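Just below is one structure, and these are the notes that go with it.
None of the figures in this text is laboratory data; all of them are computed from the coordinates on show. The structure presented is a predicted model; accordingly, all values stated were derived computationally and were not measured. Cβ coordinates were reconstructed from backbone atoms using ideal geometry, including for glycine residues, and neighbour counts include every protein chain displayed.
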Amino acid sequence: MKEYEWIKKLCGSCEEKDIYGLISEFELQKADRIAFHSNEFSVRAEIADIRWLLELRVFKKDRELRFVRHKLGGEFTWRVAEGDKYDTENTYSIDEEQLLDFDRTKPVGGKFYKSTAGGNYELPRKGYKRVHLVNYFTFDEKTGNLQYADFRIRGFS
């Protein structure tokens, strides 16, 4: 992965067994989590079944630790992203707020929601209506193009 200003720590790879140790190392044990498994999406504090995990984002307002792998059984690559405001010669950031998709006519209750398309999902706490992101862009001087490079989750409200 290319080096960017907002990536504060980058490691090539880790195994499944190393994930909880890295979460502790970066003091994110009590942070929110979003896990993308091959068979489900979850926001539980514990990873449901690490064998099916493809991507994990562990985040607070100021920092996100992201693990990703492209095939089950493979190693994860990970990075720590920090920083909200970039407006330098070649790096820019934009805050984004997205409304969560849930069907208000079919309340499920608590932290559980039903999307307008019919799928069910869970959020870390009840009452959330938005997800907050930081999008990172870089400017390529050779081509004159602004390129989307990465994003991190800041939280929910």
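Values as computed for the structure displayed
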| read-out | value |
| --- | --- |
| The chain: most fluctuating residue of His37, His70, His132 per GNM, C-alpha cutoff 10 Å | His70 |
| Karplus-derived 3J(HN,Hα), 6.51/-1.76/1.60, for each residue of segment 110-123, Hz, glycine and proline x | x, 8, 9, 9, 10, 6, 5, 8, x, x, 9, 8, 10, 10 |
| Mean Cα-pair separation over length for the chain, i.e. relative contact order, pairs under 8 Å, 6 or more apart, % | 20 |
| Highest-fluctuation residue, Ala35, Ala117, Ala48 considered, GNM on the chain with Cα pairs under 10 Å | Ala117 |
| Whole-Å semi-axes of the ellipsoid equivalent to segment 103-157 (Cα gyration tensor, √5λ, descending) | 36, 13, 7 |
| Segment 91-156, relative contact order in percent, only Cα pairs under 8 angstrom and at least six apart counted | 33 |
| Computed magnitude of the charge dipole of the chain (debye, nearest 20; Cβ of K, R +1, Cβ of D, E -1) | 740 |
| Candidates per trypsin sites (Lys or Arg not before Pro) in segment 97-157, loop by DSSP, up to 15 other Cβ within 10 Å | Arg104, Lys111, Arg125, Lys126, Lys129, Lys142 |
| Value of Rg to Rh for segment 7-82 (Rh from inverse mean 1/r over Cα pairs, i.e. Kirkwood) | 0.92 |
| Among (1) 31, 19, 12; (2) 27, 22, 14; (3) 33, 14, 13, the entry derived from the coordinates for semi-axes √(5λ) of the Cα gyration tensor in Å | (2) |
| Full-extension gain in nm, His70 to Ala48, via 0.36 nm per residue minus C-alpha separation | 6.1 nm |
| Amide hydrogen neighbours beyond the local backbone of Gly155, cut-off 5 Å, H modeled | His132 |
| Karplus 3J(HN,Hα) series, Hz, for segment 19-34 with 6.51 cos²θ - 1.76 cosθ + 1.60 (x for Gly, Pro) | 4, 5, x, 5, 4, 5, 4, 9, 6, 10, 4, 9, 7, 5, 9, 10 |
| Segment 50-62 - phi-based ³J(HN,Hα) in whole Hz, Karplus 6.51/-1.76/1.60, Gly and Pro as x | 4, 4, 9, 6, 10, 8, 9, 10, 10, 8, 10, 4, 9 |
| Under 26 Å between alpha carbons - lysine pairs in segment 106-157 that sit 8 or more apart or on different chains | 7 |
| For Leu100, distant residues with modelled amide H under 5 Å away | Arg130, Val131 |
| Calculated [θ] (222 nm, deg cm²/dmol) that DSSP helices of n ≥ 4 give over the chain, each run adding -39,500 (n - 2.57) | -1000 deg cm²/dmol |
| Distant-in-sequence amide H partners of Asp32 (H built 1.01 Å from N, under 5 Å) | Phe59 |
| Residue exposure sequence - Glu82, Glu15 - by fewest surrounding Cβ within 10 Å | Glu15, Glu82 |
